[in-house]
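Trainee: Pasting a structure here, questions to come.
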Amino acid sequence: AHADECYFYPEPASTILARKIAERYGFDANQVVVGAGTTDIIEMVALAYFEDDDKVIVPHPSFIMYPIATALMDAEMVRTPLKNWVVDVDAIIDAIDSDTKAIFLANPNNPTGTIITTSEMDRLITKVPENVLLVLDEAYSDMVESDDYPDSMTIIQERKNVITLRSMSKSYGLAGMRVGFAVASEEVVANLTRVKKPFNVTRLAQEAAIAALDDPEFIKKTREYLAKGRNYLYKEFKRLNIFYVPTETNFILTVMDSDEKAKRCYDYLMNRGIITRYMGNWGVSGGLRITIGLKWQNERVIKAMEEFLSRS
Ligand SMILES: Cc1ncc(COP(=O)(O)O)c(C=O)c1O
């Protein structure tokens with residue numbers, strides 16, 4: 001298909017793309033659902049599974065779509081804390097009860113950039129009852145450097161109650177196109193498909209995603225770029241005495257010594273055309289999340305932060 005064929009509707013279920021994804025990861029096409037971003041699939045999970053007496057476990061802070069999807073169906077959100085900037089598996093295990101319907105787990109997590117390790121994931125999975133859905137949101141998985149990152153594609157082969165979500169927004173750089181997908185058991189995929197809107201992914205987005213999957217070189221370059229940017233920012237944050245959480249993603253959570261300072265720093269950067277994410281209103285007092293950008297962007301954010309610190 002080409003851009004000039006956009007007077008046609010898209011494939012209603014992104015069939016060609018879904019087949020490609022299935023082949024890539026060694027599954028059947030009926031084990032894949034494609035969405036307009038992972039966000040769309042998180043909504044499908046809520047529509048397909050949640051009812052108003054259900055409890056949904058959501059670590060906090062994490063991705064904002066989980067509370068939104070939970071509220072959409074009037075389900076009850078049970079927040080669990082992080083521990084040392086990492087999702088606390090014990091807090092999740094303790095929060096599971098007979099009303100629990102699902103657990104959302106971003107691995108790596110946003111906004112901390114940290115991962116749950118293989119052994120922690122194994123420990124969690126053995127404690128999640130079969131009637132509880134475990135949603136493993138791996139939007140940033142292609143960026144992970146750690147060797148201790150669990151292989152969710154193996155997990156879903158063994159567990160029918162686990163869904164893996166992947167995004168084309170991050171490592172493939174297609175955020176504006178809106179493509180994400182879920183891989184799970186046939187049964188889970190059938191449930192999601194029941195609530196999926198037809199034509200949810202545009203024709204252009206499907207084509208872009210198919211082309212992107214054929215370009216593994218791009219991911220390699222993304223990873224190289226990220227590693228350079230990450231190392232540069234770590235070095236500069238250390239020099240400027242800015243606390244940061246080591247990341248497995250394309251953003252770094254910095255934490256200032258006061259929340260008021262983080263807010264002022266956010267404004268200072270914004271006034272200079274640099275958009276960061278202030279996290280004080282999302283469970284991280286003093287938190288400012290900085291995205292790793294291109295070399296000149298990284299240099300510019302450091303220069304502005306240095307100026308801010310010298311004036312405050
Ligand atoms: C953990 C996590 N999941 C999903 C998303 C959304 O991804 P998508 O663009 O695929 O909807 C984000 C974006 O910030 C995220 O941080």
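The values are calculated or read from the model by the stated rules, or taken from the named source; none is laboratory data. Keep in mind the model is a prediction, meaning the values are calculated, not measured. In this analysis, Cβ positions are derived from the backbone assuming ideal geometry, glycine residues included, and neighbour counts consider all displayed protein chains.
One line per residue, one yes/no per condition, for (1) in contact (Cβ under 8 Å) with a residue 24 or more places away in the chain; (2) on the phi > 0 side of the Ramachandran plot; (3) more than 16 Å from the ligand (Cβ to nearest atom); (4) touching a helix residue (DSSP H, G or I) at 6+ places or on another chain (Cβ under 7 Å):
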| site | (1), (2), (3), (4) |
| --- | --- |
| 78 | no, no, yes, yes |
| 102 | yes, no, no, yes |
| 113 | yes, yes, no, no |
| 116 | yes, no, no, yes |
| 131 | yes, no, yes, no |
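Trainee: Residues that are polar (S, T, N, Q) and under 19 Å from residue 24 (Cβ atoms): which helices (runs of 4 or more DSSP H) entirely in the stretch 133-234 hold 1 or more of them?
Mentor: So the answer is 152-158, 203-213.
Trainee: Only one of (1) closer than 22 Å to residue 138 by Cα; (2) surrounded by fewer than 13 Cβ atoms within 10 Å (Cβ to Cβ) fails for residue 235. Which number is that?
Mentor: Failing condition for residue 235: (1).
Trainee: Taking the stated definitions as given, is residue 40 within 16 Å of the ligand (Cβ to nearest atom), buried (at least 17 other Cβ atoms within 10 Å of the Cβ), in contact (Cβ under 8 Å) with a residue 40 or more places away in the chain and acidic (Asp, Glu)? Spell out how you get there, then give the answer.
Mentor: Working: within 16 Å of the ligand (Cβ to nearest atom): yes; buried (at least 17 other Cβ atoms within 10 Å of the Cβ): yes; in contact (Cβ under 8 Å) with a residue 40 or more places away in the chain: yes; acidic (Asp, Glu): yes.
Taking the combined requirement at face value, the residue satisfies it.
Trainee: Does residue 49 meet the test of being buried (at least 17 other Cβ atoms within 10 Å of the Cβ), more than 16 Å from the ligand (Cβ to nearest atom) and of a type outside the set (A, V, I, L, M)?
Mentor: Values: buried (at least 17 other Cβ atoms within 10 Å of the Cβ): yes; more than 16 Å from the ligand (Cβ to nearest atom): yes; of a type outside the set (A, V, I, L, M): yes.
Answer is yes for this residue.
Trainee: Can you tell me how many residues within the stretch 14-37 are in contact with a helix residue (DSSP H, G or I) (Cβ under 8 Å, 6 or more places away or on another chain) and either closer than 24 Å to residue 110 by Cα or within 16 Å of the ligand (Cβ to nearest atom) (or both)?
Mentor: Adding up the residues that qualify gives 9.
Trainee: Among what's in the stretch 289-302 and is more than 11 Å from residue 274 (Cα to Cα) and of a type in the set (Lys, Arg), pick the residue that is surrounded by the fewest Cβ atoms within 10 Å (Cβ to Cβ).
Mentor: Taking the candidates together, the pick is 295.
Trainee: Considering (1) over 27 Å from residue 246 (Cα atoms); (2) of a type outside the set (D, E, K, R); (3) not in a strand (DSSP E or B), say which one residue 102 fails and leave the rest.
Mentor: Among (1) over 27 Å from residue 246 (Cα atoms); (2) of a type outside the set (D, E, K, R); (3) not in a strand (DSSP E or B), residue 102 violates only (3).
Trainee: May I ask you to list the residues in the stretch 51-91 that are under 13 Å from residue 135 (Cα atoms) and of a type in the set (A, V, I, L, M, F, W, C)?
Mentor: The answer is 56, 57, 58, 63, 65, 69.
Trainee: For residue 4, all conditions in the list (1) exposed (fewer than 13 other Cβ atoms within 10 Å of the Cβ); (2) closer than 30 Å to residue 70 by Cβ hold save one; what is the number of the exception?
Mentor: (2)
Trainee: Is it true that residue 236 is more than 15 Å from the ligand (Cβ to nearest atom) and over 30 Å from residue 3 (Cα atoms)?
Mentor: Numbers: more than 15 Å from the ligand (Cβ to nearest atom): yes; over 30 Å from residue 3 (Cα atoms): yes.
The answer is yes for residue 236.
Trainee: Being more than 16 Å from the ligand (Cβ to nearest atom) and modelled with pLDDT of 95 or more: is that true of residue 189 here? Show your work before the answer.
Mentor: Working: more than 16 Å from the ligand (Cβ to nearest atom): yes; modelled with pLDDT of 95 or more: yes.
Criteria met by residue 189.
Trainee: I'd like to verify a number: residues in the stretch 158-174 that are more than 12 Å from the chain's Cα centre (by Cα) and touching a residue at least 24 places away in the same chain (Cβ under 8 Å), how many? Before you say what the answer is, go through the steps one by one.
Mentor: Pass one, the stretch 158-174, residues more than 12 Å from the chain's Cα centre (by Cα): 158-163, 172-174.
Add one more test, that the residue is touching a residue at least 24 places away in the same chain (Cβ under 8 Å), and what stays is 159-163, 172-174.
So the answer is 8.
Trainee: Let me ask something additional. Which count do you get for residues in the stretch 3-37 that are without any contact (Cβ under 8 Å) to a residue 12 or more places away in the chain and assigned to a loop (DSSP other than H, G, I, E, B)?
Mentor: 1
Trainee: Has the stretch 209-220 got any residue that is within 30 Å of residue 3 (Cβ to Cβ) and buried (at least 22 other Cβ atoms within 10 Å of the Cβ)?
Mentor: Yes, there is a match, as at least one residue in the stretch 209-220 is within 30 Å of residue 3 (Cβ to Cβ) and buried (at least 22 other Cβ atoms within 10 Å of the Cβ).
Trainee: Within the stretch 122-131, does at least one residue satisfy the condition of being surrounded by 19 or more Cβ atoms within 10 Å (Cβ to Cβ) and farther than 20 Å from residue 36 by Cα? I'd like the intermediate steps shown before the answer.
Mentor: Start the filter on the stretch 122-131 by keeping residues that are surrounded by 19 or more Cβ atoms within 10 Å (Cβ to Cβ), which leaves 124, 128.
From what is left, the residues that are farther than 20 Å from residue 36 by Cα are 124, 128.
Yes, some residue in the stretch 122-131 is surrounded by 19 or more Cβ atoms within 10 Å (Cβ to Cβ) and farther than 20 Å from residue 36 by Cα.
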